[in-house]
Amino acid sequence: MVDDDGSGRSPRPVTWDPLQYGRFATERARPFYDLVRHVDVPWAASIVDLGCGPGTLTADLAARWPAARVVGVDSSEAMLAAARQLEVPGRLEFVLGDLRAFGPEGPVDVLVSNATLQWVPDHLGLIARLSSFLAPGGVLAFQVPGNFTEPSHVLLRALAESARWRDRVDPDLSWPASHDPADYLVALRSAGLEALAWETTYLQVLAGTDAVLEWMKGTALRPVLDALGDADAADFLREYAAVLRDAYPISTGTTLLPYRRVFAVGQRSAGGARRHAVAALDHAQLAMPVGREDECRSFYAALLGLREEPKPPVLAARGGCWFSGVDVHIHLGVDPDFQPSAKAHVALRVVGIDVLASALCAAGRPVQWDDELSPVRRLHTEDPFGNRVELLEPPH
Ligand SMILES: C[S@@+](CC[C@H](N)C(=O)[O-])C[C@H]1O[C@@H](n2cnc3c(N)ncnc32)[C@H](O)[C@@H]1O
């Protein structure tokens, strides 16, 4: 364990490089997946990712909770610029800000901070404040590195503090620091949460030459490089690379990097409050007239290419047909008083809309193109009963 320095100083802002950070994105993401596996809040509607970086893992949160609004917060303009490419208004948004001053608009169901709190001095003292933002049943989940006694970090600090470099590397430089799982457990419990905390040492298998140096250039080296001019930075990296090569020899083309991470998850009591969320569209039901299932199949299966699903036996006697495709389920239910639906409709996203349009024309179905939502290409057609069906193809 390495303690925060306890000085109360604000660290000099670190300059981040999303491209360099992303070089080992797959390896860096492993602890994130292990962390969120322990977040059991299926109804979450409000999710915040503090220190969201380039936003890729924030987007993963949005995919896991399809009904939630997810907000990523980060103090780095460069990271935020990368994250904003992923923005989906109302669903996945990114805000520039310092997490120490963060205050949500309302109670938060899931508050995640991945690989970030080690950059915040005295972050143990923040845990009560972050916990206070949680809704009943809400979860605060974070993970931090616990590898500051590994050669990668010890050698870096020794070099930066050596007689040759200490005057050129910022003496006020605030080194990242973290605590042991037990310290986080106590902090979460003191904040009134049910908590678990643990640690895992991954063995990252890195390809390429000077792989540990490249890894460190994405994270722990950032403040040191910020403090040095280009020429000094090049010299520093050369010296650091040399000691890393001894500490992490290449074997059969790869380098092994032990990577200890510390995890903590705290959940506020739900206090008897029961929650729900609409997670996804299960199916759309359209009406059809009695006894015309064959025409139904000729349109939805033969023309559109959906697969007919057997109806559950208890429903089969009512007639009608069920169809499905990739993430699409359409049920045609028999209505003795059938009226075609000319306004309400299903809209199906397709690939190869021109091919499908030709097939519809050849089969005598109407095809009415509509370019109001350009560059999305879309058309309206009708099934054999006059129900309106929209087909659209977004730009690739
Ligand atoms: C190692 S990156 C992790 C990014 C992301 N969570 C991930 O796992 O890919 C650390 C991030 O924390 C951000 N950060 C550090 N201190 C912060 C603070 N006080 N407030 C907000 N963001 C901060 C940095 O800008 C950086 O993007």
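The values are calculated or read from the model by the stated rules, or taken from the named source; none is laboratory data. Everything numeric here is computed off the predicted structure, so don't read it as measured data. Cβ: placed from backbone, ideal geometry, glycine included. Neighbour counts: every protein chain shown.
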Residue within region 250-257 that is small (Gly, Ala, Ser) and in contact with a Ser or Thr (Cβ under 9 Å, 6 or more places away or on another chain) present: no
Count - residues of region 354-390 that are of a type in the set (A, V, I, L, M), buried (at least 18 other Cβ atoms within 10 Å of the Cβ) and within 36 Å of the chain's Cα centre (by Cα): 3
Only listed residue being at pLDDT 95 or above and within 21 Å of residue 22 (Cα to Cα), chosen from 154, 212: 212
Strands (runs of 3 or more DSSP E) enclosed by region 321-375 - at least 2 residues per element that are closer than 12 Å to residue 305 by Cα and assigned by TED's automatic domain parsing to the domain that holds residue 306: 321-325
Qualifying residue in region 15-37 (condition: more than 22 Å from residue 184 (Cβ to Cβ), over 14 Å from the mean Cα position of the chain (by Cα), of a type in the set (Asp, Glu) and part of a loop (DSSP other than H, G, I, E, B)): yes
Qualifying residue in region 46-53 (condition: surrounded by fewer than 24 Cβ atoms within 10 Å (Cβ to Cβ), more than 11 Å from the ligand (Cβ to nearest atom), within 19 Å of residue 135 (Cβ to Cβ) and within 12 Å of the chain's Cα centre (by Cα)): no
Members of region 98-122 found to be more than 9 Å from the ligand (Cβ to nearest atom) and either polar (S, T, N, Q) or more than 18 Å from residue 36 (Cα to Cα) (or both), listed by number: 103, 104, 105, 106, 107, 121, 122
Enumeration of residues in region 218-240 that are within 24 Å of residue 115 (Cα to Cα) and assigned to a helix (DSSP H, G or I): 218, 222, 223, 224, 225, 226, 227, 237, 240
Residue 71 vs. criteria free of Cβ contacts under 8 Å to residues at least 60 places away in the same chain, closer than 23 Å to residue 135 by Cβ and more than 10 Å from the ligand (Cβ to nearest atom): yes
Qualifying residue in region 122-137 (condition: at pLDDT 95 or above, among the hydroxyl-bearing types (Ser, Thr, Tyr) and farther than 16 Å from residue 72 by Cα): yes
Residue 278 being within 30 Å of residue 38 (Cβ to Cβ) and part of a strand (DSSP E or B): no
Residue, farthest from residue 80 (Cα to Cα), within region 30-45, restricted to residues that are within 13 Å of the ligand (Cβ to nearest atom) and not hydrophobic (A, V, I, L, M, F, W, C): 34
Strands (runs of 3 or more DSSP E) within region 49-150 that include 1 or more residues in the same structural domain as residue 180 (by TED's automatic domain parsing) and of a type in the set (Gly, Ala, Ser): 69-74, 108-114, 134-145
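Any residue that is within 19 Å of residue 13 (Cα to Cα), within 15 Å of the ligand (Cβ to nearest atom) and in contact (Cβ under 8 Å) with a residue 60 or more places away in the chain - is there at least one of those in region 123-144?
yes
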